[in-house]
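Report on one structure; see the data block that follows.
The values are calculated or read from the model by the stated rules, or taken from the named source; none is laboratory data. Quantities reported herein were computed from a predicted structural model and do not represent experimental measurements. Glycine also receives a Cβ, built like all others from the backbone with ideal geometry; neighbour counts cover every protein chain displayed. SASA here: full protein model, heavy atoms, side chains in, ligands and nucleic acids out. Shrake-Rupley method; radii C 1.70, N 1.55, O 1.52, S 1.80 Å.
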Amino acid sequence: MNKSLMRLAKEALSQKMLEVIAQEFAFSAQASNFKIEFPPDPTMGHLAFACFPLARNLRKAPPQIAKQLASRLLPDAIFARIEAVGPYVNFFFRPDWLAKGLLEAAKQDSFGASEEGKGKRILLEYSSPNTNKPLHLGHGRNNLLGITLARLFVEQGYEVIKANLINDRGIHICKSMLAYQKWGQEQTPEQAGKKGDQLVGDYYVLYDKKLKADPSLEEEARKLLQAWEEGNPQTLALWKKLNQWVYEGFRSTYQRMGVEFDRYYYESETYQGGRKLILEALEKGICQREDNGAVSIDLETDHLGKKILLRGDGTSMYITQDINTTYLKFKDYSPLDACLFVVGNEQDNHFKVLFKVLEHFGFAWANRLEHISYGMITLPEGKMKSREGTVVDLDDLMEEMKNLALLEIDKRGNFNQAPTEIKEATAEAIGQGAIKFFILRSGAAKEIQFNPKESLSFEGQTGPYLQYTHARLSSLLTKAEAKDRQRAQSFTQATSKERIEVQLLLQLAHYADILQLAAKERNPAVLTGWTYELCKLYNKFYYDLPILKAEQEVKLFRLSLTLAVRSVLAKSLRILGIQPLEKM
RNA sequence: GCGCUUGUAGCUCAGCUGGAUAGAGCAGUGGACUUCGAAUCCAAAGGUCGCAGGUUCGAAUCCUGCCAGGCGCACCA
């Protein structure tokens, strides 16, 4: 599948318009002289030719141009109706043409895929947690953004490397280590009966609590960090032990969310490496030596001020380390067409600086770096604060959502006869669907306000609504006679032309462009919005028109349409990480 | 103070590379289950698109200023 049906239609239309404009106005227009758009409402038309840009060239009023052009245009194989409305010429697709072009294709798994990224490689870093506490809702947004973008890129034909840079060293983990050392009594996660990351997180909180009574702990934590840097065996052993527990905890959270990685980078292995690159730059005169021995770079001309890259004592900083990991990514995976960092917007400035520094260092790939920034998730009370216990823990949230879903399932009783594992798995899928859709439906730049009571509903614009549509439609298909279902697979005639049916076809026709746009804009919300719209259309179709009880030829068309919608819907849901359910 | 970012219906959000009457969901109101799954559908209601200028045939969309929220502005990460 190279070109989407919609693109073919646009190209055909564009060609046609060039000819007609030449005939009617003796003006040889360029395709750039006009724009083909989508009317706000499909009842007005399916494609629109706007006459504004031509008005200048032709010195005629747009409505006049539209009228003249429309009078010249005759229906053809693609368009059934063409009419001038104000300054627009509107085109209506022939439902048969849409049906023929879509009903078969949409059932293929390759539908909507593109070769845009064929032969190209993207490295996408996301998640990148600290190892001192469990993941919270903010990480959830990061993870979901990351994994969903990865799938969108794959759909565009890119080879995607999903990388996780683990912040496994530093003062934060030393705080947990210190508290554990002092008060942990060698307790293991098994003994405590909790996940490793949760256990380690408890000690991080404990450290903070104890710190209030005993400020000298801060000094002790710093000493521990020093011991770690010096390679003290006991410290290293403790560090390894706690980190291992945390990784096991993360693994289960990741798995539950459906998040995965191809490559892990560990800060403990990379944090020193940037020094060499910076010293080289210093030799080339790109960087400057400060009075106390620190190395800085002047980004004044880039309006980013002066930045220290290496401390006076020669030790690494955050940016030192990032310079190195970025360098390593290109070393490990060259050639990369893009190298993306999914990191919260509190680091917008950091990435601006980082990218600029690498540009100054002369790396040719510096212009292929991109920060995928996203807003924080806040609570009605304000910011989440781990110290005040107002953090929404991801594991807790997922569990809570699943339990809520369980209640809803019981209320309906569809699973009363089913084994509990099936019921549980369904509840889990619904809970996940609710969380994922909720987080992915708003644009990344926006802050999300998370109100536990209201945000995670199962009705309306939600993940479960999409899953319900899929289940409902699957249920319908199982009720169709096997013989009809069989025939519907390859049935491509629009034997009925109700408005809602044409709208559904039209929605399917947009799919490929939607996927492409979502990937290009790095914005999964483009897909969530489209998918919701598809479901809305289908539910209306389902409600308004009989399917199984329709007259035979109409029934086959409607079943064929249903099969097509199910296929595309299931695929969109999978890209979003939401499980399409047969029953719920 | 400087930089980035957000401000659209009571609430949560689409629309923002300028175009046809600004759209959904939730909440609230009124309807639709003897009919393919009511986690659904339909209807009415709800808006000075933060404010003020400007560019344009045309601005929620672009520019400027102001107001409000968020995030940055470390030899922290």
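Just the Kirkwood number for the range A:394-575, please: inverse of mean 1/r across all distinct Cα pairs, in Å, one decimal.
The Cα-based Kirkwood calculation yields 17.7 Å.
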Pull up the cross-link candidates among the aspartates and glutamates for A:K16, meaning alpha carbon to alpha carbon under 18 Å and not fewer than 8 places away within one chain.
A:E24, A:E37, A:D76, A:E83
Checking the table A:K107/A:K479; A:K162/A:K306; A:K240/A:K356; A:K3/A:K520 against a 26 Å threshold on Cα-Cα, which pairs fail?
A:K162/A:K306; A:K240/A:K356
Pop out the ³J(HN,Hα) list for the range A:129-137 in order, Karplus 6.51 cos²θ - 1.76 cosθ + 1.60 with θ = phi - 60°, rounded to Hz; leave Gly and Pro as x.
x, 7, 9, 10, 7, x, 6, 10, 4
Let me see the P(r) profile for the range A:5-93: every Cα-Cα distance counted, bins of 5 Å, each bin given as a percent of all pairs.
3, 15, 29, 30, 17, 6, 1
Out of all DSSP beta bridges with both ends in chain A, state the antiparallel percent to the nearest 5.
50
Can you tell me the accessible area per residue over chain A, all protein chains present, probe 1.4 angstrom, in square angstrom?
46
Per-residue HN-Hα couplings for the range A:16-27 [Karplus 6.51, -1.76, 1.60; θ = phi - 60°; Hz; x = Gly/Pro]
4, 5, 4, 5, 5, 5, 4, 5, 6, 10, 6, 10
Ranking request for peptides A:241-254, A:452-465: highest mean number of other beta-carbon atoms within 10 Å first, then the rest in descending order.
A:241-254, A:452-465
Using only Cα atoms and rounding to the nearest 10 degrees, what angle (0 to 90) does helix A:463-479 make with the longest principal axis of chain A?
50
In deg cm²/dmol and to the nearest 500, what is the mean residue ellipticity at 222 nm of chain A if only DSSP H runs of at least 4 residues count, each as -39500 (n - 2.57), divided by the residue total?
-17500 deg cm²/dmol
Alpha-carbon gyration tensor eigenvalues x 5, square-rooted, for the range A:171-263, Å
24, 16, 12
Determine which lysines satisfy two conditions relative to A:K209: a Cα distance under 16 Å, and not lying fewer than 8 residues away in the same chain.
A:K133, A:K175, A:K182, A:K385
Starting with the highest mean, order A:212-218, A:428-434 by the number of other Cβ atoms within 10 Å, averaged over the residues of each peptide.
A:428-434, A:212-218
For a quick size check, give me the Cα extents of the range A:87-235 along its three principal axes, largest first, whole Å.
77, 41, 30
Find how many whole Å separate the alpha carbon centroid of the range A:502-577 from the alpha carbon centroid of the range A:149-189.
38
Please list, in chain and number order, the residues 5+ apart from A:Y264 or on another chain whose amide H is under 5 Å from its amide H, with Hs placed from the backbone.
A:N164
Residues meeting the amide H criterion for A:I372 (H placed from the backbone, H to H distance under 5 Å, 5 or more places apart or on another chain) are A:F341, A:V342, A:V343
Once phi is turned into θ = phi - 60°, what whole-Hz ³J(HN,Hα) does the Karplus curve with 6.51, -1.76 and 1.60 give for every residue of the range A:489-499, x standing for Gly and Pro?
3, 10, 7, 10, 9, 8, 7, 9, 10, 4, 3
Can I get the semi-axes of the range A:525-578's equivalent ellipsoid? Compute them from the C-alpha gyration tensor as square roots of 5 times the eigenvalues, in angstrom, largest first.
25, 12, 7
Quick query: amide H of A:A84 versus all other amide H atoms, modeled in the peptide plane; which residues come in under 5 Å with a sequence gap of 5 or more or a different chain?
A:N90
Expressed as an acute angle from 0 to 90° and rounded to the nearest 10, what is the orientation of the C-alpha long axis of helix A:348-360 relative to the principal long axis of chain A?
90
Mean Cα-pair separation over length for the range A:171-263, i.e. relative contact order, pairs under 8 Å, 6 or more apart, %
39
Separation of the range A:244-323 and the range A:339-410 by C-alpha centroid, Å?
19
For chain A, what does the relative contact order come out to in percent, with C-alpha contacts under 8 Å and a separation of six or more?
16
Using the reciprocal of the averaged 1/r over all distinct C-alpha pairs, how large is the Kirkwood radius of chain A in Å?
27.5
Roughly how tilted is helix A:318-333, in degrees to the nearest 10 and between 0 and 90, from the longest Cα axis of chain A?
50
